[in-house]
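Undergrad: Let me give you the structure first, and then I'll get to my questions.
Nothing in this text is a laboratory measurement; each read-out follows from the coordinates by a stated rule. These numbers were taken from a predicted model, which means no experiment stands behind them. Neighbour counts run over all protein chains shown; Cβ positions are idealised from the backbone, glycine included.
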Amino acid sequence: MSQDHPYPPLKLADRVCSLEGRGDPFTAYEQLGAETRTALVGLLPDQWSFEGKRALDFGCGAGRTLRHFLSEAEAGELWGADIDAASIDWLQEALCPPLHVLRCEVDPPLGLEHGSFDLIWALSVFTHLTDNSIPWLLELHRLLKPKGLLIATYMGRWTSEALAGEPWDEDRVGMNVLRHDQDWSLGGPVALMSDWWVRAHWGRAFEILEVEPLIHGQSWALMRKRDIELTTEELERPEDGPREFAALRHNLRQVQREIELEQQAHEQSLKAHEQSLSWRVTRPLRAAGRVARSFRSR
Ligand SMILES: C[S@@+](CC[C@H](N)C(=O)[O-])C[C@H]1O[C@@H](n2cnc3c(N)ncnc32)[C@H](O)[C@@H]1O
């Protein structure tokens with residue numbers, strides 16, 4: 001049982017999904033991880049078994065999902081990889097064995113053999129990758145065995161209002177990147193994807209078997225590795241037709257708006273700072289004025 005195992009420090013649990021306002025944070029962490037397990041198992045083929053299989057949780061954090069697969073890790077081999085050293089160190093100490101973990105760099109490769117895994121999942125990871133998104137997708141393709149399965153989540157449709165501040169419009173979103181340089185401690189960058197873009201680009205390397213449209217605010221795609229070798233350029237190349245360009249133009253507008261909002265916020269904080277500075281500098285003058293007025297009124 002996952003509850004019988006230690007929990008990571010709150011800071012590590014909280015960094016993969018804000019636990020604020022969800023009651024007891026570890027109960028919420030446990031619950032959310034159990035839900036992702038159910039969703040993953042629900043997408044796997046009926047005859048699937050972990051017995052003798054190797055699986056990887058790419059971008060595993062401190063194991064919110066992996067901790068719910070510890071018995072499967074005894075029957076097969078379960079790996080976790082993440083860029084976050086503190087999360088990987090904690091997992092190494094607390095849950096290995098039965099898990100195996102490794103820290104990865106920001107960009108691929110992962111340093112494991114071709115065809116190492118039967119199954120890879122990446123939950124809430126491609127939702128935040130930007131320039132290295134397609135290179136990582138191809139790296140996961142490389143790491144899968146022939147016909148290996150990938151479950152990857154993407155977001156857009158369900159979170160457009162909250163993340164982009166506008167209603168969802170499939171025709172102006174391909175892979176639109178927002179908050180490109182936002183730190184991971186603030187949630188990292190945001191990559192919005194539409195179903196058509198995922199089918200047009202990810203679909204070149206993977207056969208898209210199923211898309212479960214709404215779990216934890218994201219779409220979950222079950223894909224099977226195609227027997228094909230592709231480069232980043234081949235996967236990124238826009239498909240024919242106007243929507244790729246419409247989406248690019250819209251992404252430009254979104255970035256422009258982000259810059260304007262940032263400038264406004266910067267100017268406001270500068271103004272507030274100047275006001276408080278002039279208030280402090282003129283404090284002795286105001287005090288002298290009060291003294292003079294009190295003499296006059298005697
Ligand atoms: C939103 S969290 C999701 C964590 C986990 N998949 C879950 O559902 O609990 C995104 C994770 O992706 C990891 N990540 C970001 N960039 C990465 C990269 N280039 N390689 C591996 N992991 C990465 C982050 O460190 C973070 O732990």
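Undergrad: Using only the alpha-carbon atoms, how far is helix 195-205 inclined from the longest principal axis of the chain? Give it as 0 to 90 degrees, nearest 10.
TA: Relative to the chain, helix 195-205 is tipped by roughly 50 degrees.
Undergrad: Straight-line reach from Lys225: which lysines have Cα under 24 Å away, leaving out those fewer than 8 places along the same chain?
TA: By straight Cα distance, Lys225 reaches Lys53, Lys145, Lys147.
Undergrad: Between helix 133-143 and the chain, what is the angle of the helix's C-alpha long axis to the longest principal axis, kept within 0 to 90° and rounded to the nearest 10?
TA: Helix 133-143 sits at roughly 30 degrees to that axis.
Undergrad: Between beta-carbons, use under 10 Å as the cut-off and find the net charge around Leu119, counting Lys and Arg +1, Asp and Glu -1.
TA: +1
Undergrad: Can you tell me which of 60-69, 273-282 comes out highest on packing, and rank the rest after it, using the mean Cβ neighbours within 10 Å?
TA: Order by mean packing, descending: 60-69, 273-282.
Undergrad: To test your reading of the geometry: what angle, between 0 and 90 degrees and rounded to tens, separates the Cα axis of helix 283-296 from the longest principal axis of the chain?
TA: Long axis of 283-296 versus the principal axis of the chain: about 30 degrees.
Undergrad: Let me ask you something else. Ranked from highest to lowest mean number of other Cβ atoms within 10 Å per residue, what is the order of the peptides 188-198, 208-218?
TA: 188-198, 208-218
Undergrad: Exposure proxy check: Trp202, Trp184, Trp158 ranked by fewest other beta carbons within 10 Å? Provide the component values of the computation, followed by the final result.
TA: Numbers: Trp202 23, Trp184 12, Trp158 16.
Arranged by neighbour count, lowest to highest, Trp202, Trp184, Trp158 become Trp184, Trp158, Trp202.
Undergrad: When Lys and Arg each count +1 and Asp and Glu each count -1, what net charge do the other residues less than 15 Å away from Arg54, Cβ to Cβ, add up to? Walk me through the numbers before you get to the answer.
TA: Details: positive: Lys53, Arg142, Lys145, Lys147, Lys225; negative: Glu51, Asp57, Glu72, Glu74, Glu77, Glu113, Asp118.
Here the charged neighbours net out to -2.
Undergrad: When the Cα centres of region 231-272 and region 1-70 are compared, how far apart do they sit, in Å?
TA: With region 231-272 and region 1-70 each reduced to a Cα centre, they are spaced 33 Å.
Undergrad: Using a 10 angstrom cutoff on alpha carbons, build the Gaussian network for the chain and name the most mobile of Ala28, Ala221, Ala265.
TA: Ala265
Undergrad: Oh, and also: Give the shape of region 2-242 as rounded, prolate or oblate, defined through the alpha-carbon gyration tensor: a ≥ b ≥ c are the square roots of its eigenvalues, a/c under 1.5 means rounded, and otherwise the shape is prolate if a/b is larger than b/c and oblate if not. The partial results should precede the final answer.
TA: Numbers: a/c = 1.61, a/b = 1.19, b/c = 1.36.
In terms of gyration-tensor shape, oblate.
Undergrad: With a sphere of radius 14 Å drawn around the Cβ of Leu110, what net charge do the other residues whose Cβ falls strictly inside it have (Lys, Arg +1; Asp, Glu -1)?
TA: Values: positive: Arg54, Arg103, Arg142; negative: Asp57, Asp82, Glu105, Asp107, Glu113, Glu139.
Summing Lys and Arg as +1 and Asp and Glu as -1 gives -3.
Undergrad: With label points built 7 Å along Cα→Cβ from the Cα atoms of Arg290 and Asp107, find their separation and express it in nm.
TA: Taking the two extended label points, one gets 6.1 nm.
Undergrad: Here is a follow-up. Work out how much length Glu229 to Ala86 would gain on full extension: take 0.36 nm times their residue separation and subtract the Cα-Cα distance, in nm to one decimal.
TA: 48.0 nm
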